[in-house]
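See structure below.
The values are calculated or read from the model by the stated rules, or taken from the named source; none is laboratory data. Owing to the predicted nature of the structure, the values given are computational and were not obtained by experimental measurement. Note that we place each Cβ from the backbone using ideal geometry, even for glycine, and neighbour counts take in every protein chain shown.
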Amino acid sequence: MLLEMNVKLRRGHFDLSTQLSVGDISVGLFGQSGAGKSTLLGLIAGTIQPQSGHIALDGKILFDSRKGIVMPREQRPIGAVLQIDCADATETVRDNLTAAYYRTLKQRRLFKPDHLINLLELGTNLDQPIERLSVGERQRVALARSLLKSPKLLLLDETFAAIGHGYRSQLLPILKRLQDEFGLPVLYASQSLGEILELTDQLIVLEHGQVLRSGSLREVAKQQGILRYLGIRQIDNILPVSIRSHDYQAGCSMGDSFGLPLALPLRPQFAIGSQSQVSIRANDIALSRAYIDGISIQNQLKGRICAIIPSGESLIVQVDCGGTLLVEITPGACQSMALREGDVVYCLIKTHAIVYLAELDTLPYQRIVSHGDGYYYLNNAGVDTNSVLEYRY
Ligand SMILES: Nc1ncnc2c1ncn2[C@@H]1O[C@H](COP(=O)(O)OP(=O)(O)OP(=O)(O)O)[C@@H](O)[C@H]1O
């Protein structure tokens, strides 16, 4: 799948001038309120027409102002769950979904209506007209309808927020599977970087209708000042973990990350062998020169210091433990330990300093971050720009 677009649109006082391409990987469309995310999705879906430019999907023209081509939205091989649902609201849920299913060519069908009705818990709403549904229910119907279309690209506009957080943990694995198994990438628009990063670390950052930057969060973060725009305050580590066992007596779930064993907060609901992502604040990790016996801290990860980077009043110590960990310490601690690049150290991490990314929303603030070896901590509820910490590669 390759979506290419280069369009211009003026709507009231708002100018959108956007050039982008989206390939086979799911991408997060990040931008603050009014940046133009919904407008951009509407242009791709065909609910809004640009004044000039072109949009093509896999070489097929969806819009071309010079050639006078406008493909109607029903014919675009795109599934869209937009904030304004274009469905006929007087139609029942059943009729709406059945019509979407039968409009899709037999050989292209990926899902059966019953499967999605069960998955999205629409069984009790089947005979109701869409106009009598709640906002979240309508969004679930729109998602089912979009998937029944077996699209080449799925557009979601802040869908997790609209659909209700209870469905997020069910939907996320489905969206990931769509990409992995069916090659269906998602373009997910959100003001919440955390929401996006649960799905993908590929970003398009939009501001005033223009693409400010695109790429992985790590690449995006290289642009000076962008972390402030993203609302990044402190450095955090994000680690992929595989759940290995649950030790009820010890009160821990055991996992491993980069081949290193980790004692995690106990979550018996996580299946053995399942993958998760955890975050650890850089300033929640302590360093020791030696393995310490007789200490309550359960995780002591051995690694080698790759770099010591001054960052404001702190030092960021980059430690290679198999994967990279960023540890924030004071210059005084560094001096008293006489730390140098190349030294072997142990990273000490309390089990309860480890947070599952999937549980971010239960925290009173938003923690967010990058994958790979760039790591950040975000707070969406008002960014104190004086305390913004930028890590440069
Ligand atoms: N129908 C319209 N007519 C004129 N201007 C519009 C219309 N719809 C949106 N706009 C303007 O276009 C700009 C971008 O709106 P858009 O909804 O695309 O932003 P957004 O990034 O999705 O914001 P949010 O996250 O708040 O939904 C806004 O300044 C808005 O005022």
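Are there helices (runs of 4 or more DSSP H) fully within the stretch 127-199 with at least 1 residues that are at pLDDT below 80 and over 30 Å from Lys60 (Cα atoms)? List them. It would help to see each step written out before you state the result.
Working: elements: 135-148, 159-163, 168-182, 193-199.
Ranges flagged: 159-163, 168-182, 193-199.
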Taking the stretch 33-69 on its own, how many of its residues are surrounded by 15 or more Cβ atoms within 10 Å (Cβ to Cβ) and under 24 Å from the mean Cα position of the chain (by Cα)? 12
Just to be sure, is Gly79 assigned by TED's automatic domain parsing to the domain that holds Ile44 and exposed (fewer than 15 other Cβ atoms within 10 Å of the Cβ)? no
Only one of Val278, Val327 is without any contact (Cβ under 8 Å) to a residue 60 or more places away in the chain and in a strand (DSSP E or B); which? Val327
Considering only the stretch 15-56, state which residues are acidic (Asp, Glu) and under 26 Å from Asp180 (Cα atoms). Asp24
Here's a check for you: in the stretch 3-31, which residue that is within 23 Å of Asp201 (Cα to Cα) and exposed (fewer than 14 other Cβ atoms within 10 Å of the Cβ) is farthest from the ligand (Cβ to nearest atom)? Asp24
Checking Thr90 against (1) within 14 Å of the ligand (Cβ to nearest atom); (2) at negative phi; (3) at pLDDT below 95, which test does it fail? (1)
Would you call Pro268 at pLDDT 85 or above and more than 24 Å from Glu328 (Cα to Cα)? yes
Looking only at the stretch 32-81, how many residues end up being within 25 Å of Thr104 (Cβ to Cβ), small (Gly, Ala, Ser) and within 16 Å of the ligand (Cβ to nearest atom)? 4
Does any residue in the stretch 97-116 that is assigned by TED's automatic domain parsing to the domain that holds Lys152 and closer than 19 Å to Gly183 by Cα come within less than 8 Å, Cβ to Cβ, of a residue that is among the hydroxyl-bearing types (Ser, Thr, Tyr) and part of a helix (DSSP H, G or I) six or more places away or on a different chain, and which pairs are these? Arg109/Tyr101; Lys112/Tyr101
Hydrophobic (A, V, I, L, M, F, W, C) and surrounded by fewer than 21 Cβ atoms within 10 Å (Cβ to Cβ): is that true of Ala87 in this structure? yes
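Just give me the residues in the stretch 103-124 being of a type outside the set (Lys, Arg) and in a helix (DSSP H, G or I), in sequence order.
Across the stretch 103-124, the qualifying residues are Gln107, Pro113, Asp114, His115, Leu116, Ile117, Asn118, Leu119, Gly123, Thr124.
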